[in-house]
Each structure stands twice: as structure tokens, then as C-alpha cells.
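Throughout, read-outs are computed from the coordinates displayed, never taken from laboratory work. Note that this is a predicted model, so its numbers are computed, not measured. A quick note on method: Cβ atoms are made from the backbone with ideal geometry, for glycine too, and the neighbour counts reach across all protein chains shown.
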Amino acid sequence: MNQPTPSGGSRNVQMARSMCWHCQSEVAGEYFCERCVKVQPVSKETDYFTCLGLPRRLTIDPAVLEAKYYERSRAFHPDFYLNKTEAEQAISLDNAATLNTAYRTLRDPVQRAEYLLDLEAGSVKTIRTSPPADLFEEILELQDTLDAYRAGDHSSETGRQLRARLEAERGALERRQAEMEDELQRLFVEWDALQDRGEADGQARMERDRLLRRMRELLSNRTYVKNIVNDLVETIG
Amino acid sequence: MARIVGIDLGTTNSLVAYMDKGVPRVIPGADGRTMVPSVVAMTDHGLLVGDEAKDHLLRNPDRTVYSIKRFMGKGLADVQGELAYFPYTLTEQGGVIRIKLNGKTYSPPQISAMILKELKRRAEAYLEEEITRAVITVPAYFNDSQRQATKDAGLIAGLEVLRIINEPTAASLAYGLQEKTQGTIAVYDFGGGTFDISILKLKQGIFEVLATNGDTHLGGDDIDRRIANLLLDEIRSAHGLDLGPYPDHMQALRLEAERAKIRLSDELKTLLTVELPDGRGRFTRELTRDQLESLVADIIERTLAPCRSALKDAGLAPEQIDEVVLVGGSTRMPLVRRRVQELFGKQPHCHLNPDEVVALGAAVQADILSGGTTDMLLLDVTPLSLGIETMGGVMSCLIPRNTTIPANAKEMFTTYVDGQTGVDIHILQGERELAKDNRSLARFRLKVPPLPAGVPRIEVTFLIDANGILHVTAKDMRTGRQQSIEVKPSYGLSETEVERMIEESFKFAKEDVASRKLIEARLDAGSLLAATEKSLSEGGHLVPDDVRTAVRAALSALASAKEGDDVRTIRTRMAELEQAAKPLSVALMDDSLKRGLEGKKLSDVT
């Protein structure tokens, strides 16, 4: 597929604007050229929010998200491009794949938050999972209990006691995970409010950094706790 | 736009359907039957497919292939456990099973292509137009190799496969079209050789698959085998006889087991009869439905774990499923219906013919692709996680199972040694931690410019298209140049091999057509000869001598042409005979008219 690069003249045009790959007329973020009606590739720079036609906000109504996803699936799905040129088929395939990834990412609150952190503050792949500071001691102890349970005889009195302790821990940790997810939701609301105010002063910047930092910390702790819960579920069933 | 047909290429039976003014219909054969048994026989008189081939299961068991779908996209090691059940010889070449028949070897896609050609012919005869494009269904749980093998089969049969679509989702399209359903549905598809479960959400014409699961090696075949093994054991202990060395009796026993199973879906008990070899009489046994149910309970049980996994992946509890749809012949068993009803807590739907619903759905999808149906859209998922092998033989997942397709994942590769010129990549599909426990799909070598370690940056894109088939592309991020990749499939035919098979298939197609024309010409000549002989003996006395002589000469000329194998000579001699015999037929007609009028008054005639 041959994709013409914008010529020098179009540099003056806003960043979001580019040219139709087919008729070279200007397209401004729409997915279909106004002049030749050809499908336009979702640009690499387009974030998942834009891809689904949503503002970059963390609180998303699942019904709205789904409606947008269905609407755009109808626009991009390869099923509807069988009679079109090979170039259009290739664009439809890429667009549909990107759209599916965008939907999958934004549908899940945790993935959505990770994605936003990635957009705002760089790669989340570098986030190391870490235990919540207040749970550090407790988790060390839990690991010992787990080891003891795994090594010992499950039907013995000690085995039963260990199992009961692990079950209690599992309940506590699951509650903790739910709390963290609730807090994440509250941070979503705070983040969205800050964005809506659109202030750019020093205080707003500090607030922004604080929210991002806290989200990052929460995600890191939550993943840690979740891994332990999975471990527990696997061991005690 | 040329018509697209929908094909259900099944383990036991195959069907072809089309969209007739917004209504999907299955195309019947000349005999009115809609199902073509997926059986291919290489007889001394040529290739037979379908019902005719099924007759040869007993007469030529070693040259008659059934259940070929079980071998699609597989290597010999995959089917080691069931080799004993198949009377023909299986070998392997290039990771692909080959079947030896009449001294020639065939790959499973070639055998499947023979079935597809039969369906193509059937559709062409019925619709009176050439058919070159099709949607073909596969089990939802088919992996990449099995899908690719199905696509290859289409190509070999002279069909452009516009879409590979999953059987349970196809069924949901047929149901959805009829009922305009909204909500969540579970499609339980238990066929001849495979089991699938798919959970879908239907909303405003969008059919979104939430999760799918299954077992591509579990079906009615396994139930038949269980019954057959019971009979074999009993024959062994009652008669001291092992039927193993008698392939035709083994087949007869297998077919009797299948028929008994089918009867027990309506009856509470049935009688099985097996003829024994060498004039040792027959073995009979009564089988009750209760006995059958306890005999195969564990097989039915094996379908329930995938159902639970699919529900879990969809994030739904059984009671959140609004409707359960049954697909596939094996769902006719009362035990299956009971188990499904217990699991989901509601009466399953089965008012569309479970044998036909998949083909009907394929026709609906064909209509969507041709632009006829515009309000429906199917969003399917990939059934298995896709990944690559990383250090230490671990699989690193790139696209998790139940991801909506098309789906893509990009991965950046670099080098660990200065001047390294290639990176070997091993693509896997499956849910296990270790690479060796998953299905190997393909391997390829990424070409890298010789540079210091860590400097090259090659981005590889793994794209699963709407057919569930993987495409790999690579791009050098430093130059921005696209790199072509030659992927070597682990269990598939190479492109050149497929091309050769397509060519062969066309060559055979010409031979097939030629031999069919010859057979027809001979038949026609035979009936013309007989009819003319009859006329000559009845009305020879009515015509002059020279006419009789000319007719006799033309008769013997045609008789000798009929012995030859030139279609045109036969047709020419036939025309000559008809010409020579014209005075004779005129005379005969006059004579019968005259005799009809004898004894009648003139007033009766006018």
C-alpha cells in the first residue's frame, strides 16, 4: 500500500489534519474522506479514546462505549469491504484491529487507567508490582504460611489450621483489592474534574502529577495483591 | 457481483446453502437430500463422493475415506491413538498427514476438496450458474493450521474462500435472522467429530462473541466407537473372534453402531445385528437407551468443562444466559439435552434443523459479504492465545484467547550479539506456560542488518484476520522498510504444494469431465441402439430394402464406435443412425395411426 506523505504545503495545517491517501484532499480527523468517500487509516498517533470518538476521560459509561464501538465496527469491519479495492481492504483490516484493541483496553477500568498513565506519563511496562506499604509484614508472614501449607500434610490438624488461616487471608486480600479498585474509581472522577476545569496553572499541574502518581501506585499494589490472591486460589482451591 | 454460497464442511455430512431473497436455503441434490455424506471413495470406475461413496465403506473400506476433517491441519503424531480405527494407510510428509489410496497419496485438504467440488457441482446444477466463491464453516476451536488447511481445500476445489466462519456463530446468525433475538445466547455445537461452545451477545444486529471454547476431537464418532468397542468385546468373548483383520466387517459394525445410536434417540431400546465373517452366522444384541447413556456418560461430561470455561471467560453465570441453542447431530441424544439443560438451567432451543443450521448461517454470512444483508455484523473471537517462544522455552502471549478479531499485536525485536544477522521466531497457539506444551504454528527467521548488538529494531506485526488466520509482517524501524517474511508452517502445506494441488485438481477435473461425457455418450448410444433394433424388428417390413440396409449399417457403425472412447465419434454415429432410421420411424408412426383408425367410422375421426 502506497501512502503519500504530506507535502511541505500541508505543514501549515493543524497537526490533526492530513490528506486523503486516495484523492489527496484534506481530511480533518474523519474516517472517511469527504470528497471521495474512501476509508482513512486510523493514524498511529490516534489514541484509543479518539479512536472510539470519546474525550480523554477515565469515567466511561459502558453503554456509551459499547454503542460507539458497534457504530465504528459497522464502519470499519472487513466484511463490508469485500467489493472495495485492496488498499481499502487493508485499511479496513488495520482499522478494525486497532478499534478492537481500543475497545478491549477502555472497557476494563484497570487497563484503561494503565493506558492513560502510559499516554500521560510514559510506559507502564516499567511499573514494578509492589506490596502496599502497610501490608508488607502481613504478606511476608502469609508467604511463610503458604510454604508451610504446601509442604505439610493437608489432612493433619496443622494442615487444617493453616488452611483456615489462608482462607481468612484470601478474604481479607480480596476485600483490599476491591477497596483499591474503589479508590481508583474515585481518582477517575478527580482526574476527569481536573481535565474539565482545563486549568494550566502550577497548582493544576501539581494536582495532575499527584493523581497520576497515586494511580500508578494503586495499580502497582493492586497487581501485587491480585497475584497473591491468584496464588492462594490455586493452592487452596 | 457473483453469488457467494455458504458451505458447512462437516466431519460426517456436508451441505451447501444460498440466500434466496433474504431467506437462507439449503441446496438439495437430484435425489432431494440436502446432506452429502463427507465420504470419498476411489473406485475402479473413478472417484465417488457422498451417498454413492458411502456404499463403498463396506465394499472397499481401504479405499474409502471418511471423517477426513479429523486430520485437517494435523501431523501423524496427533492422531496416533486412533490409527487403528481407520482402514487406510496414513503417513506423514512435511508435517502433514497423507493418506495412501490406490498407490497415490493425498493430503487431507485434497480429500476435503473432493467433497467441496461435489457441493460446488450441486450448487451449480441447482442455481444454473458457475460458483467460484464461498464461505466455509469450521469448528470455533479450530487452530490456525486447521483453518488454513480448510482454506487450502477450498482453493484446491476451485473456490475462492472469502471467509472462514465458526460453526456455532454461523448457527447464531441463522437463529438471529429468524428470531430477531436480543440478549446473551449460548450455542452448544456437538457434531460428528468436534465440540464447540460459544457465548454471544446479540444487540441491534451485532453478534458479538464473548467467549468460545471446545474440543476439536470430540464428537458423535467417539460415541459410535464406544458402542463398536462394546460389540467387538462381546463378539470376542462369545465367538472367540477378533474382527480386527476384517476391515469390511469393522466398517459394517461401525455403521450399525451409528444407526443404533440414532435409533435410541427416539426409542428406548434397539436391536443391533452384525454379520460375522467366514459364514459364522450373525451376532445380535439388544441395547437400551439407559445402557447407551451409561456407556457414553463420560463423553457427554467432557463437553461441560469447556462450557464452564467459556462462561467464566465471558464473565457470566449460567443463569445470565437468555437462550441456549443446540447445533449438530449429536445434540439429538436425549442425554445431551438433559445435561445442557441442567447446566444452563433452561430448556434449550432446537427448532431449526440442527444438521442444517450451520450451512444456513454460512449463507447468511455470504450474503453479508456480498452486500445483501447490511444490518447484521458478526464480531467473532480467536479461540486460542497466540504467542511466541521466548528464552527458556516459555510462551510469551501476544494476543490472548477470546480477543475479538481482526486483532493485532506488535513486538519489537533486536539482537544480542554484534553483527547478528537473524532472529529465529517460533509462533505458538495455546494456553499452557511452556512452549512445548502448546501448538507450534510456524517458524520464521527475521533478517537483521549486521550491526552492534541491540541497535537493530525490527517491529513484527502479528495480525489475526477475520478468518482467524495469522499473518506476519516485519518492518525495520531504522529504515522504515517493510520486510517480507517466509513463514514455514509446522502443520500445513507450503504455498507451492497448494499450487501444485490446485493444478492437479484442474487436470483431474478435465479428466473427470471427459470421462463423465464418455460414460453419458455410451449410455445414450446404448439406448438408441436398443430402440432402433426394436423399431427394425417391428417395422422393418414397412420400409424398402435400401432403408433397412442403411439402418443396419448405421447400427453396426454406432455399435463399434460405442466400444471406442471417442465421445465425438459416438455422437456422430448416433446422429447418422437417427438420420438413416428416419424413414423407418415415419413408417412406424403412419402404421400405428392407421391401425388406430381401423374399425372406426369416418365420422368418429373428423
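Structure summary
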quantity: Spread of Cα-to-Cα distances over 10 Å intervals beginning at zero, given as percent, for segment B:220-299; calculated: 18, 55, 24, 2
quantity: Cα centroid of segment A:190-237 to Cα centroid of segment B:293-310, whole Å; calculated: 43
quantity: Interchain or long-range residues, amide H under 5 Å from B:LEU101's placed H; calculated: B:TYR106
quantity: Selection of trypsin sites (Lys or Arg not before Pro), segment B:387-474, meeting DSSP coil and at most 14 other Cβ within 10 Å; calculated: B:ARG432
quantity: Dipole in debye (nearest 20) - segment B:384-493, about Cα centre, beta carbon charges: Lys, Arg +1; Asp, Glu -1; calculated: 180
quantity: Low-density loop positions, trypsin sites (Lys or Arg not before Pro), segment B:254-289 - DSSP coil, at most 14 other Cβ in 10 Å; calculated: B:ARG280
quantity: Only Lys, Arg (+1) and Asp, Glu (-1) charged, at Cβ; the protein assembly as shown dipole about Cα centre in debye; calculated: 1180
quantity: Set B:LYS69/B:LYS488; B:LYS100/B:LYS562; B:LYS100/B:LYS488; B:LYS21/B:LYS203; B:LYS104/B:LYS447; B:LYS120/B:LYS346 screened for pairs whose C-alpha atoms are more than 29 Å apart; calculated: B:LYS100/B:LYS562; B:LYS104/B:LYS447; B:LYS120/B:LYS346
quantity: Diffusion constant of segment A:163-214 at 20 °C, which comes from Stokes-Einstein with the Kirkwood Cα-pair radius and 1.002 mPa s, µm²/s; calculated: 164
quantity: Rg ratio (alpha-carbon, reference 2.2 N^0.38 Å) - segment A:127-236; calculated: 1.43
quantity: Convex hull of Cα atoms in segment B:187-255, direction-averaged projection (nm²); calculated: 6.1
quantity: Chain B - charge dipole about Cα centre, Lys and Arg +1 at Cβ, Asp and Glu -1, debye rounded to 20; calculated: 420
quantity: Top positive-direction residue, dipole computed over the protein assembly as shown with Cβ charges, set A:GLN203, B:ALA157, B:GLY75; calculated: B:ALA157
quantity: Global geometry of chain A, whether rounded, prolate or oblate, following the gyration tensor of its Cα atoms and the 1.5 cut on a/c; calculated: prolate
quantity: Sparse-neighbourhood loop sites, trypsin sites (Lys or Arg not before Pro) in segment B:155-251 - DSSP loop, at most 15 other Cβ within 10 angstrom; calculated: B:LYS180
quantity: Normalised convex hull volume, the protein assembly as shown, alpha-carbon set, Å³ per residue; calculated: 281
quantity: Segment A:8-107: translational diffusion in µm²/s, Stokes-Einstein, Kirkwood Rh over Cα pairs, 25 °C, 0.890 mPa s; calculated: 171
quantity: Residue-wise HN-Hα coupling along segment A:187-194, computed from phi with Karplus coefficients 6.51, -1.76, 1.60 (Hz; x: Gly, Pro); calculated: 5, 4, 5, 4, 4, 4, 5, 4
quantity: Chain B - mean residue ellipticity at 222 nm from DSSP helices (-39,500 (n - 2.57) per run, n ≥ 4, rounded to 500); calculated: -13000 deg cm²/dmol
quantity: Cα-based helix-to-principal-axis angle, B:567-580 vs chain B, degrees rounded to 10; calculated: 30
quantity: Segment B:506-597: C-alpha gyration tensor shape, a/c 1.5 cut-off, then a/b vs b/c; calculated: prolate
quantity: Mean-position separation - Cα centroids, segment B:138-161 and segment B:1-43, in angstrom; calculated: 16
quantity: Given charges at Cβ of Lys, Arg, Asp, Glu: segment B:171-319 dipole, positive-most of B:GLY279, B:ALA257, B:GLY220; calculated: B:GLY220
quantity: Partnerless Cys - the protein assembly as shown, beta-carbon criterion under 4.7 Å; calculated: A:CYS51, B:CYS307, B:CYS350, B:CYS397
quantity: Using alpha-carbon coordinates, inclination of helix A:202-236 to the longest axis of chain A, degrees; calculated: 50
quantity: In degrees, nearest ten, helix B:289-301 long axis to first principal axis of chain B (Cα); calculated: 40
quantity: Compactness of chain B as Cα Rg over 2.2 N^0.38 Å, two decimals; calculated: 1.19
quantity: Hits among lysines - C-alpha to C-alpha of A:LYS84 under 22 Å, sequence gap 8 or more where chains match; calculated: A:LYS38, B:LYS151
quantity: Anisotropy class of segment B:384-493 from Cα gyration tensor, a/c 1.5 cut; calculated: prolate
quantity: Residues with amide H under 5 Å from that of B:LEU272, placed H, sequence gap 5 or more; calculated: B:ARG285, B:GLU286, B:LEU287
quantity: Viscosity 1.306 mPa s, 10 °C: Kirkwood-radius Stokes-Einstein D of segment B:295-394 over Cα pairs, µm²/s; calculated: 96
